[in-house]
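Novice: Input: one structure, supplied below.
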Amino acid sequence: MTLRSYVISRILLTIPMIFILLTMVFAIIRVLPGDPVLLHFEKVENPQAMEEMRRRLGLDKPIWAQYFDYVVGLFKGDLGKSMQDYSPVAEQIFSAFPATLELAIFAMIIAVFIGIISGVEASKAYNKPQDHIIRVFGIVTYAIPVFFLGMILQMVFAVQLHWLPVGGRTYPTMEPVGLVIRLSQPPWGFAVHFLLSSIPGLLTLATCLGITKARHRKFTRKIVFAFVVAFLFVWILWAFAGWHYMSIGELRIATGMYTADSILEANLVKFVQASRYMLLPSLTLGLVLSGVFLRLTRSNMFETLRLDFVTAARARGLQESTVTYGYALRNAFLPILTMMGLQFAALLGGAVLTETTFSWPGLGRYLVDRINFRDYTAIQGAIVVFGVFVSIVSLVVDLLYAYLDPRIRL
């Protein structure tokens, strides 16, 4: 099986998996006890208002009709309306998702760094006191509940030492705004702007032609036609987008992740503050997950360090760090890469408890609040977004694995 066929097959398998996920979530949410309409009115009977709320939310329809409307809305990018304030669920979720994504990225970096470094050192000192100490550390960090570890870190570094904040993302007046570019429409007309915008297109065309020539490919009619069509398409889009944003007057580039937005804003003070608030929750999640990478790295590196190519590299007089990290770890990294994708789901699940512990305004805390109010549409939307994101990460890991190890495509 070629790499292209493998990619297509994995994408086609991901689509029904996501569809099954949203179907199961829809069914399970409807089975849970509790009436969201009655809870909204705090059990005060007002039949007319309750009936109006059911009508607005579509709860007066049969289950199959609700499911059909929900699926159709998903294809339109509509996750429904909240059962509490009738606001769009998609806006609420995507305003909270950057905080969870930022926490997940930093926690994964910490987990991989600590786990791989500790696992490599344990494999080099196999069955020695250093190995035993690292193994005990891995077992303890993996076994300890994430919320308990978070409270311990809060007590030590926030309450006792006053080094780091207890919770939240940043000060109320320190939210980074990202990169703001103030634009003004050029004095000349659109025709002149269209001609000037051809410069990036010509550079792109020259780059593509250079790459094609470097690969010693012949310039057939199909290749020349494809290059010309691509050039014209990019030229038109670039000119239209540039003219449109210049007409707006201001272009704001923001990710919702405070550390990234503070860098885009070029504000060192906000970056330091965002990093201080990020450190404790990301360290909590990262330490809990580091035990998995530690044990996996240790077992794979223990076998790899005893292979013939490692012995040959040492016989050539290479430095031990080069042999360990440049040769052995690179060959033992494929199972670790797979585990990174698998553990990302556990990381997002652990983020629910971590965000609650640290008052982190992310998607996990949002999901807990919506569960308390029996907000069907918000719960469905949050879980589906979680599932889609994990599916995309798993798909990317599978494609990387197939690219690095062609044997799995056989």
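Bear in mind that the values in this text are calculations on the coordinates, not laboratory data. Source: prediction; values computed, not measured. Cβ atoms come from the backbone with ideal geometry, glycine included; neighbour counts cover every protein chain shown.
Novice: Could I have the simple spin-label model distance between R56 and L318, label points 7 Å from Cα toward Cβ, reported in nm to one decimal?
Specialist: About 6.7 nm separates the two model spin labels.
Novice: If R0 is 60 Å, what FRET efficiency do you get for F373 and S299 from their C-beta distance, rounded to 0.05?
Specialist: In this case the efficiency is close to 0.85.
Novice: Per-residue HN-Hα couplings for region 332-337, Karplus 6.51 cos²θ - 1.76 cosθ + 1.60 at θ = phi - 60°, whole Hz, x for Gly and Pro?
Specialist: 9, 7, 4, x, 5, 4
Novice: Order 366-376, 84-94, 268-278 from most to least packed using the mean count of other Cβ atoms within 10 Å.
Specialist: 366-376, 268-278, 84-94
Novice: Still on this structure: Skipping prolines and chain starts, which residues have an amide H placed within reach, meaning under 5 Å, of the one on L59, given they are 5 or more residues away or on another chain?
Specialist: For L59, no residues qualify.
Novice: Follow-up. For region 252-410, what's the relative contact order in percent, using C-alpha pairs closer than 8 Å and at least 6 residues apart?
Specialist: Contact order relative to length: 18 percent.
Novice: I need the calculated FRET efficiency for the pair T207 and L237, taking r as the beta carbon distance and R₀ as 22 Å, to the nearest 0.05.
Specialist: Working: r = 17 Å, r/R0 = 0.78.
The computed FRET efficiency comes out at 0.80.
Novice: Can you give me the long-range amide H partners of K81? Hydrogens built in the peptide plane at 1.01 Å from N, cutoff under 5 Å, separation of 5 or more residues or another chain.
Specialist: Long-range HN contacts for K81: V89.
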